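The structure appears right after this line, and notes come after that.
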Amino acid sequence: MVIPEYSIVIPNLHSPRIGEVLEALRRQEGVNRSIYEILVVGRDKYGLVMKHVADDKRVRFLESERDINPAEARNRGIKAARGKLVFFIDADCIAPSIWMATLLKTYHEGHPVVGGPIWFEDGDFWILSDNVAHFHDLLPDIGRGVNRHYMLATANMLVEKAILEKVGMFDESFPTAEDFGLSRRIRNAGYDLFFEPEAKIIHRPVRDSLGAVLQHSAGWARHSIRVRKLYRDELKSPWFLFQPAILRLLSPLIAAAVTAKIFAKHPSVRRYWYTAPVVFLTKLVWCWAAAKEVTAGRYE
């Protein structure tokens, strides 16, 4: 029996995309297919994972006894991983055929923690708007190098398992945004976060309406305001984010400023200018949802 050198960990909670995700991962090029395993952790009501388990011994399904969040799923995957390197990707992200090989090339250049950008395709307006609104900080135009961003996304990341064991696992109290804490602990332990723009993945969320996009923004606000508070100095969080009345009052100006900044800072999304009204609405919703969390005192 060949012991895999690499483990790919995917948290999954009934994703209708997981079949596509696994198909892409099984067809990676430039990597010996016998030395990597794919671990799906969570639940799969559509039965898409088991089809791949039956076809490919590299695919393992660690079914959970209940619905678990991505942080807990990743922690279970890390503990079960047999490889010395752990790749992270999400259950709605499609890896191009050279994804693993690109991350590995950068790793062998001497970077034990490597992440890549989240990219998207032309097509569905709502999915495109959602991606521009929520993933603009992880685009290919950030630039290649170390510590180009304050975090690496666990939707697209490679890290030595030994580093994870050293710095600690994901904080399971974060239903989302758990990669902020991990990135911070990795940097505090003396490791650089290397950003590799060529190692992009394609994000295909299942959000098919304005309501779904705005609901995503509201949900993100509930957790990201907590991150903003915990890592206030590192993220340079402005004071007014923690003043509910002022945040609500300024919300139109904040939403307009953030929307303008996205398109000014990132040339790669300027051709999607027509998503700007939806992006503006997501930022408006973020402000009001964050203000609600601060008022309730749940962001501490």
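The values are calculated or read from the model by the stated rules, or taken from the named source; none is laboratory data. In this text the structure is predicted, and so the values were computed from the model without any measurement. We place every Cβ from the backbone using ideal geometry, glycine too, and count neighbours over all the protein chains shown. The area values use the complete protein model at the heavy-atom level, side chains included, leaving out ligands, DNA and RNA. Shrake-Rupley method; radii C 1.70, N 1.55, O 1.52, S 1.80 Å.
Brief remarks on what is shown
- Residues that are of a type in the set (F, W, Y) and modelled with pLDDT of 95 or more within the stretch 1-45 comprise just one, Y6.
- Residues within the stretch 92-134 that are among the charged types (D, E, K, R) and part of a helix (DSSP H, G or I), tallied: 2
- Options V40, V9, V31: the member that is under 20 Å from F180 (Cβ atoms) and outside any helix (DSSP H, G or I): V9
- Verdict on A221 being exposed (fewer than 14 other Cβ atoms within 10 Å of the Cβ) and either modelled with pLDDT of 90 or more or within 20 Å of the chain's Cα centre (by Cα) (or both): no
- When every residue of the stretch 104-120 is checked against the conditions, none turns out to be within 30 Å of L281 (Cβ to Cβ), at pLDDT below 95 and more than 14 Å from the chain's Cα centre (by Cα).
- Among residues of the stretch 5-38, those that are in contact (Cβ under 8 Å) with a residue 24 or more places away in the chain and either open to solvent by 10 Å² or more (accessible area, probe 1.4 Å) or farther than 23 Å from K79 by Cα (or both), counted: 21
- Among residues that are among the aliphatic types (A, V, I, L, M), touching a helix residue (DSSP H, G or I) at 6+ places or on another chain (Cβ under 7 Å) and not in a loop (DSSP other than H, G, I, E, B), L158 is included.
- Sole residue being more than 24 Å from N147 (Cα to Cα), among the hydrophobic types (A, V, I, L, M, F, W, C), in contact with a Leu (Cβ under 8 Å, 6 or more places away or on another chain) and open to solvent by less than 30 Å² (accessible area, probe 1.4 Å), chosen from L214, L241, L281: L241
- Applying the set (1) surrounded by fewer than 16 Cβ atoms within 10 Å (Cβ to Cβ); (2) in contact with a Pro (Cβ under 6 Å, 6 or more places away or on another chain) to P197 leaves exactly one unmet item: (1).
- From the list A199, A155, the lone residue that is touching a His at 6+ places or on another chain (Cβ under 8 Å) and closer than 22 Å to S7 by Cβ is A155.
- Unique residue being surrounded by fewer than 20 Cβ atoms within 10 Å (Cβ to Cβ) and of a type in the set (V, I, T) when the list is I89, I163, I118, I186: I163
- Any hit, the stretch 46-55, residues being in contact (Cβ under 8 Å) with a residue 40 or more places away in the chain and either of a type in the set (D, E) or open to solvent by 40 Å² or more (accessible area, probe 1.4 Å) (or both): no
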